[in-house]
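Structure first, then comments.
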Amino acid sequence: MYNLKTLRIKERYKAPCHTLAVLLIKSLTNVLLKNKCDCIALSGGIDTSVIAALAKRVGMSLRAYTSIYVEGTPRDLPYVNYLEKVLGFKINYIWIDKEYIEDNIDIIKRCVRTNDYIELRNDLVFYSVLEKALNDKCKCIYIGSGGDEVFVGYSYMIYSLSKDLANLTVKYAANGHYPELILGKCLGIKVVAPYLSEEVLSIALRLPISCLRGVLMRGKELLRYILKSLGLDIIADRAKTPAEAGTGTDVIASL
C-alpha cells in the first residue's frame, strides 16, 4: 500500500472511461501475473469478481474460498454460485457456526486488537477464509480489499462533492484500515490486494470522478464496465451489499 508521506497524485486523466478501463485491466493483470497466486477470496461482489474474471482471462486457475454464516442469510451466495458456473473455479465453502466463533474469536481479537463487534463480524469471515487457504497450502491468496475505498463503493462517498471525493480516495489508498491484511500477517499467509498495489493505484487515483461514480451514481462504475466487457453483466449490475450481509454475519449481535 502507499503511504501518506510518499503518495504523490498527478492530475486526473481526461481520457474517456472506456480507454481508461484498458489501462486498469492491464495494470490489474500485471499484478496478478507478477504474484501468480493460486487462490482467491471470492465474495461474489464486484471487486473480487473483477479479479477472478481477469485471472480466468489470462489462463489462471484459482481455488476460490467463500465463507457463510450458517444462522444468517448470505446475500452473496447466489452470485458466488453463478461465478462458479461461469468461471469454472472450484469454490471451497466455509461454514461458520457458533462453535467456530467460540474457538477463534479470541485469536482474531488479539490479531486485529479490537472488541468492536461490527468490525469483528467481517474479520471473522476473512479469518476463516485465510485460515482455510493456509491449511490448503495456498501459495498466496488474492483479496478485493480497497475496491470500495479507491473506486467509490460506499454511499457516503458516492454523494460527496467531487473535491471531497477525490481527497477521500487518496486518503483511503494511503491510510486505509484493512484488518484482513493484518490477519494475513498474523496467520502467516501471503495476502495480495491488487487494488492496493502501487501499479494499480497509480492509475486508479488519477481516474476522473465520472468514471468512478457514474451518471447513475452507483459507484465503482469503471469496475462495472470491466465486468460487462467480460460478459458478467449479472455481477456488474448488482447493488452494493455490505460484507456482513453478504455472508450472513449481520445477524450476530455481539462477539
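Among the residues of segment 220-230, none qualifies, meaning not one is within 17 Å of the chain's Cα centre (by Cα), among the hydroxyl-bearing types (Ser, Thr, Tyr) and within 28 Å of GLY72 (Cα to Cα). Residues in segment 148-170 that are touching a residue at least 24 places away in the same chain (Cβ under 8 Å), outside any loop (DSSP other than H, G, I, E, B) and not hydrophobic (A, V, I, L, M, F, W, C): ASP148, GLU149, SER155, SER162, THR169.
Within segment 231-251, is even one residue under 20 Å from CYS39 (Cα atoms), out of contact with any helix residue (DSSP H, G or I) (no Cβ under 7 Å at 6 or more places or on another chain) and aliphatic (A, V, I, L, M)? No: segment 231-251 contains no residue that is under 20 Å from CYS39 (Cα atoms), out of contact with any helix residue (DSSP H, G or I) (no Cβ under 7 Å at 6 or more places or on another chain) and aliphatic (A, V, I, L, M). When you scan segment 152-159, do you find a residue that is out of contact with any strand residue (DSSP E or B) (no Cβ under 8 Å at 6 or more places or on another chain) and surrounded by 23 or more Cβ atoms within 10 Å (Cβ to Cβ), even just one? Yes: segment 152-159 contains one or more residues that are out of contact with any strand residue (DSSP E or B) (no Cβ under 8 Å at 6 or more places or on another chain) and surrounded by 23 or more Cβ atoms within 10 Å (Cβ to Cβ). The residue pairs whose first member lies in segment 184-209 and is of a type in the set (Lys, Arg), whose second member is modelled with pLDDT under 95, and whose beta carbons are closer than 7 Å, counting only pairs six or more residues apart or on different chains, are ARG206/ILE9; ARG206/LYS10; ARG206/ARG12; ARG206/TYR13. If we scan segment 11-25, do we find a residue that is more than 17 Å from LYS220 (Cα to Cα), touching a Pro at 6+ places or on another chain (Cβ under 9 Å), touching a residue at least 60 places away in the same chain (Cβ under 8 Å) and not in a helix (DSSP H, G or I)? Taking every residue of segment 11-25 in turn, at least one turns out to be more than 17 Å from LYS220 (Cα to Cα), touching a Pro at 6+ places or on another chain (Cβ under 9 Å), touching a residue at least 60 places away in the same chain (Cβ under 8 Å) and not in a helix (DSSP H, G or I). Restricting segment 1-56 to residues that are among the β-branched types (Val, Ile, Thr) and modelled with pLDDT under 95, the residue that is farthest from TYR79 (Cα to Cα) is THR6.
Looking across segment 232-255 at every residue that is assigned to a loop (DSSP other than H, G, I, E, B) and without any contact (Cβ under 8 Å) to a residue 40 or more places away in the chain, the one that is farthest from TYR156 (Cα to Cα) is identified as ASP237.
Hey, could you check segment 171-220 for residues that are small (Gly, Ala, Ser) and either over 24 Å from LEU130 (Cβ atoms) or part of a helix (DSSP H, G or I) (or both) and say which is modelled with the highest pLDDT? Restricting to residues being small (Gly, Ala, Ser) and either over 24 Å from LEU130 (Cβ atoms) or part of a helix (DSSP H, G or I) (or both), the top hit is GLY184. The residue that is nearest to ARG121 (Cα to Cα), among those in segment 170-179 that are surrounded by fewer than 22 Cβ atoms within 10 Å (Cβ to Cβ) and either among the β-branched types (Val, Ile, Thr) or touching a helix residue (DSSP H, G or I) at 6+ places or on another chain (Cβ under 8 Å) (or both), is PRO179.
The values are calculated or read from the model by the stated rules, or taken from the named source; none is laboratory data. Predicted model only: the values in this text are computed from it and were never measured. When we count neighbours, we look across all protein chains shown, and the Cβ atoms used for this are built from the backbone with ideal geometry, even at glycine.
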